[in-house]
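What follows is a short report on a single structure.
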Amino acid sequence: MSLNFVLAQIFGLVAVTLMITSFQCDDKNKLLKLQIFSCFSYAFQYLCLGAISGFLMNIVSSIRNAIFKKYDNKKAPLWVLIFLILLITFLSLFGYKGSVSLLPTVAILTYSFAAWTADIRLMRLMQVLAGTLFFIYDVISLAIVGAIGNFILVVSVLISIYRFDIKGKKHA
C-alpha cells in the first residue's frame, strides 16, 4: 500500500464527512461553505490516486461553490453558469482518459446547474445523481473511502429529501 493511496483515503474521509454534514443543513450558504472544503478534500484524494478528471472537476466545484455562495440564496447571473459550463468542458479535455472520465464531468455539470438555480431541493435531487456517478468513478479509481462515502452520501441526501422536502411539506 503506497503513501499516496493512504493519503487519498484520508482526504476521502475528510471530504465525505464534510459533504454528508452539508446536506443536513437547510441553509444554502452553510451547505455551500461545507462543500467548498469537501470538494478541495476530494480533489486532493483524486490527485493522490492519479485520477485527474476527478481532481479537476472538484477544483471547479470548489470555485463554483464559492461563487454561488456570494449570491446569498439568490440565483447567480446566467453568464456565471455559462462560464462554469465552458470551464468544466475545457478542463474535462485535460483529464480525459476514456469514457470513465466523463462520470465526474457529467456529475459536476448536473450539480452546477442545480446549484445555479438556487433551489436547495433541486440541489439535493441532483446530488443523488452526482453522488451515484461519483460512486462509480470512485470504485474504478480505487477511491475506496470515497466510494463508501458516496454511497452513504446518497442515502444521507435521500434522508434530507425526506426530512425537508417530503415530511417538511406535510407540516407546512
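Annotations for the structure displayed:
- Search result, residues across the stretch 116-151 that are under 19 Å from Ala43 (Cα atoms), out of contact with any Ser or Thr (no Cβ under 6 Å at 6 or more places or on another chain) and among the aliphatic types (A, V, I, L, M): Leu133, Ile136, Val139, Ile140, Leu142, Ala143, Ile144, Val145, Ala147, Ile148
- When Tyr46, Tyr96 are checked against the criterion of being hydroxyl-bearing (Ser, Thr, Tyr), more than 23 Å from Thr117 (Cα to Cα) and more than 15 Å from the chain's Cα centre (by Cα), a single residue qualifies: Tyr96.
- Residue within the stretch 29-49 that is within 25 Å of Tyr162 (Cα to Cα), in contact (Cβ under 8 Å) with a residue 60 or more places away in the chain and out of contact with any strand residue (DSSP E or B) (no Cβ under 7 Å at 6 or more places or on another chain) present: yes
- Extreme residue, nearest to Ala66 (Cα to Cα), among residues of the stretch 107-138 that are under 10 Å from the mean Cα position of the chain (by Cα) and aromatic (Phe, Trp, Tyr): Tyr111
- Helices (runs of 4 or more DSSP H) contained entirely in the stretch 74-171, each with at least 2 residues that are among the hydroxyl-bearing types (Ser, Thr, Tyr) and crowded, with 19+ Cβ neighbours inside 10 Å: 102-117, 120-141, 144-160
- When residues of the stretch 1-26 are limited to those that are touching a residue at least 60 places away in the same chain (Cβ under 8 Å) and part of a loop (DSSP other than H, G, I, E, B), the one farthest from the chain's Cα centre (by Cα): Asp26
No value in this document is a laboratory result; all are computed from the given coordinates. The structure presented is a predicted model; accordingly, all values stated were derived computationally and were not measured. Note: ideal-geometry Cβ built from the backbone for every residue, glycine included; neighbour counts use all protein chains shown.
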